[in-house]
1. Along Cα→Cβ, 7 Å out, is where each label goes; now give me the distance between the ones at Arg77 and Val49 in nm to one decimal.
2. Along the charge dipole of segment 22-70, which of Ile51, Ala22, Ser33 sits closest to the positive end, that is, farthest toward it, with unit charges on the beta carbon of Lys, Arg, Asp and Glu (+1, +1, -1, -1)?
3. With a sphere of radius 13 Å drawn around the Cβ of Gln58, what net charge do the other residues whose Cβ falls strictly inside it have (Lys, Arg +1; Asp, Glu -1)?
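Please treat every number below as a calculation from the coordinates, not as lab data. This is a predicted model, so every value here is computed, not measured. Cβ: placed from backbone, ideal geometry, glycine included. Neighbour counts: every protein chain shown.
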Amino acid sequence: RAPRTLEGFSARHGVDLTDLAAQAVAELDLRRSHRRRQAALEETEGLEVRIRQQDVRQRALRAEAARLRERLAALGRDEDASENGHATGAWGLDRESSTASSPPA
């Protein structure tokens, strides 16, 4: 039996092999493009999740910073009042008894 050649295939089936090859390459390019788009979509979705997590974390850190600023302001007010003899100091030092309690938590 004689080996089949591309020319023989093309002649028997009336197919232009150049067109067939171009269609195959186009299909491969389309599949590759689809895989790239899918990978980019998955990466984007992953980044969106990370951004949302970072936003939540950032809001929590900002809230904690605000609490700490308020605590510092309160300590400052306590110290000012203590210096004027109106209250105990920031560390619970009572001017009258001169005893210190443990620092606030």
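1. Between Arg77 and Val49, the simple spin-label model gives 4.4 nm.
2. Ile51
3. Working: positive: Arg50, Arg52, Arg57, Arg59, Arg62; negative: Asp55, Glu64.
Counting the neighbours of Gln58, the net charge comes to +3.
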